[in-house]
Structure formats: C-alpha cells, structure tokens
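Trainee: Can you keep this structure in mind? I'll have questions shortly.
The values are calculated or read from the model by the stated rules, or taken from the named source; none is laboratory data. Note that this is a predicted model, so its numbers are computed, not measured. When we count neighbours, we look across all protein chains shown, and the Cβ atoms used for this are built from the backbone with ideal geometry, even at glycine. Areas reflect the complete protein model, heavy atoms only, side chains present, ligands, DNA and RNA absent. Shrake-Rupley method; radii C 1.70, N 1.55, O 1.52, S 1.80 Å.
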Amino acid sequence: MINTAYKKRSKRYYMLDRKDITNVRGIITSGEVMDELGLTNCGFERFVYQNKDYHGCYLVEVDEDEESSKFKEYKFFELNASRCPSRWYVTCDGRFYRLYIRSGKKHELMPYLHHGIWTVRIGGFDEVSAARVYARYFMDLHDGEYVLLKSNNWDVNKIEIVDRQKYITENNRQAFGKAIGLYEDGQLVKQWPSTRAASSDLYISRQTVSDICRSRYKKKMYDLRYI
C-alpha cells in the first residue's frame, strides 16, 4: 500500500504553458501539486482530467517509458475530454499523430501552411506551430529563441533555430526598411521610402502597414505593397 501511494505521488507532469503548449515551463510531481493545493489523490486526478489551471499551465503526465522512447517520439499534448480523450505525439522524423485513448487508434496529422507558418491541429480549432513543437523535443530549443522553416514543403531538416532579438531586429530592418507603394485600381499613385513614413502619413501603425503588405488582411483599408 505504501509503495502504491508513493508511486502515485512521484508521478511526473509537464507544465505546459496554456498560451503556448509547446513551451514546457517545467516538470513537477503529483505529490508537490497535491501538497500545494491540498488535494487528495482523487482530487488531483480530477484536477488533471479537467485541464484546470496550475500557475498558467496545463499538467500533462510524463510517459513512464519516455526514456526508452527518447529520440523516437514524444507526447506533447493531452486532452482528457470525457467524450473523446486523446493524446498528440510528434516523432523524430517529423510525423504527428493523434492517439485515441479508448480505442487505441492513431490518426496521422499532416502539418500545413497557415499565414506562412507550418501548423498542426490539436483538436477543434486549436493550432500550434509544428516546427516549434518538433524543435522543443528534438532540437534543444530554449526560451528566447525563434523557430523558422522557410520552405514550401514540411521538412524537419530545414528547421532553423535563431536568437529571438536578432530575428526581430533583422525582420524589422527588412520589413520597415522597404519602400511602400499605394495603389488604386492597380496603379501606383503614391510611395514612401519606409513603413515608418507610410504609417505616419496614413495615420495607421507600422505593424498594420506591414500586415497589409504581407496580405494578412482579407479586407484592406488601403492597397499597400512593397516596391
């Protein structure tokens, strides 16, 4: 009995950021959570099952055989919905699949491009960056780093990890340093030397100018393009 109770309290759980589940903020044991929140074993199981908030995180159990499956596949998300409990996995060769816990069936998930980002669904309308999930488990991704995959095909060999600040600086230099053109009926009617100048003249933010030029709006207040 003591041994069973010890095993229950020593189970490890990933702390996945609720705003970005690819961000593993730490690993904690069930015993630590129970002691902090004053929960019993049954109360803790309900807490995890209902995906309740723990310091801004989801708690997802670490697989017992994780070490043996290292560099092969990892569980990166779990949904304990009573209707259809499922787990999502990523493999070392860049495949994603959903495991239906009750039936044991697997459903392959193909990453797709969404606004220039390779994306994978994790149930309903929720989406995560496929490249970031892969890099988190197989490329030693750290906080403060960005993940890039500039390719028309899903290819994990082309995933790059770059410093966040350097990426932002370079991206802003490229985006805000380009000349901007205002078009009407397909004809260039005005131009500015930079995003900053265009945003000031049009009374909109630089980010809005950049988003319009990158076709991130279905309906645009202006027809702005990089020239």
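Trainee: Between ILE27 and GLN207, how high is the FRET efficiency from 1/(1 + (r/R0)^6) when r is the Cβ-Cβ distance and R₀ = 45 Å? Nearest 0.05. Write out the running numbers ahead of the final one.
Mentor: Details: r = 36 Å, r/R0 = 0.80.
The calculated FRET efficiency here is 0.80.
Trainee: State, to one decimal in nm², a quarter of the convex hull surface area for the C-alpha atoms of region 103-171, i.e. the direction-averaged projected area.
Mentor: Values: hull surface 23.6 nm².
Mean shadow area of the hull around the Cα atoms is 5.9 nm².
Trainee: Here's something else I'd like to know. Tell me, how many Å apart are the Cα centres for region 204-219 and for region 105-164?
Mentor: Region 204-219 and region 105-164 have Cα centres spaced 24 Å from each other.
Trainee: Additional query: Based on DSSP loop calls and a cut-off of at most 13 other Cβ atoms within 10 Å, the longest stretch of the chain free of exposed trypsin sites (Lys or Arg not before Pro) is what?
Mentor: Working: sites that count: LYS19, LYS52, LYS70, LYS72, ARG83, ARG102, LYS105, LYS150, ARG216, LYS218, LYS219, LYS220.
With trypsin sites (Lys or Arg not before Pro) excluded where exposed in loops, the chain gives 151-215 as its longest stretch.
Trainee: Let me cross-check HIS55: its accessible surface, 1.4 Å probe, with only protein heavy atoms counted, in Å² to the nearest 10?
Mentor: 110
Trainee: Mean separation of Cα pairs under 8 Å and 6+ residues apart, divided by the residue count of the chain: what relative contact order is that in percent? Don't skip to the end; give the middle numbers.
Mentor: Working: 339 pairs, mean separation 22.3, N = 227.
Relative contact order, the chain: 10 percent.
Trainee: Sticking with this one: Which helices, taking whole DSSP H runs in the chain, have alpha carbons extending 18 angstrom or more along the helix axis plus mean Kyte-Doolittle at least 1.0?
Mentor: Working: long enough: none.
Span-like helices in the chain: none at all.
Trainee: Round to the nearest 0.05 the FRET efficiency obtained for TYR100 and HIS142 when R0 = 30 Å and r is the Cβ-Cβ distance. Provide the component values of the computation, followed by the final result.
Mentor: Details: r = 33 Å, r/R0 = 1.10.
Calculated value: 0.35.
Trainee: Separate question: So which chymotrypsin sites (Phe, Trp or Tyr not before Pro) in region 82-174 end up in coil per DSSP with only 11 or fewer other C-beta atoms within 10 Å? Could you put the intermediate results ahead of the total?
Mentor: Numbers: sites: TRP88, TYR89, PHE96, TYR97, TYR100, TYR112, TRP118, PHE125, TYR134, TYR137, PHE138, TYR146, TRP154, TYR167; in loops: PHE125, TRP154.
Listed in order of number, the matching sites are PHE125.
Trainee: By accessible area of protein heavy atoms, probe 1.4 Å, what ranking do SER86, SER200 get, highest first? Each step should come with its number before you reach the end.
Mentor: Details: SER86 0, SER200 80 Å².
Heavy-atom accessible area, descending, gives SER200, SER86.
Trainee: Want the number for LYS166 to LYS19: 0.36 nm per residue separation, take away the alpha-carbon distance, what's left?
Mentor: Values: separation 147, 0.36 × 147 = 52.92 nm, distance 2.32 nm.
Once the chain is fully extended between LYS166 and LYS19, it gains 50.6 nm.
Trainee: If you place +1 on the Cβ of every Lys and Arg, -1 on the Cβ of every Asp and Glu, and leave all else neutral, what size is the dipole of the chain about its Cα centre, to the nearest 20 Debye? Intermediate results must be reported in sequence, preceding the final value.
Mentor: Values: 38 positive and 31 negative charges, 113 e Å.
For this selection, approximately 540 debye.
Trainee: Another question, if that's okay. Among all the lysines, which ones have a C-alpha under 17 Å from LYS106's C-alpha, if same-chain residues fewer than 8 places away are not counted?
Mentor: LYS72, LYS75
Trainee: Suppose accessible area is computed on protein heavy atoms with a 1.4 Å probe; arrange THR195, THR29 from highest to lowest. Don't skip to the end; give the middle numbers.
Mentor: Working: THR195 0, THR29 40 Å².
Output order, biggest surface exposure first: THR29, THR195.
Trainee: Turning to a different aspect of this structure: Can you list the lysines whose alpha carbon sits under 21 Å from that of LYS166, skipping same-chain ones fewer than 8 residues off?
Mentor: LYS150, LYS158, LYS178
Trainee: Further question on the same structure: May I ask you to give the percent of accessible area on region 102-227 that is carbon plus sulfur, with a probe radius of 1.4 Å?
Mentor: Details: 3940 of 8370 Å².
That fraction is 47 percent.
Trainee: Turning to a different aspect of this structure: State log₁₀ I(q)/I(0) for region 82-131 at q = 0.13, 0.32 Å⁻¹ as given by the Debye formula over alpha-carbon point scatterers of equal weight, solvent excluded.
Mentor: Ignoring solvent entirely, the Cα scatterers give -0.31, -1.28.
Trainee: Taking the inverse of the average 1/r across all pairs of different Cα atoms in the chain, what Kirkwood radius in Å do you get? Present the calculation step by step, with values, prior to reporting the outcome.
Mentor: Values: mean 1/r = 0.0483 Å⁻¹.
Roughly 20.7 Å, rounded to one decimal.
Trainee: Which one of LEU79, TYR222, SER205 is farthest out on the positive end of the charge dipole of the chain, using unit charges on Cβ (Lys, Arg +1; Asp, Glu -1) and the Cα centre as origin?
Mentor: TYR222
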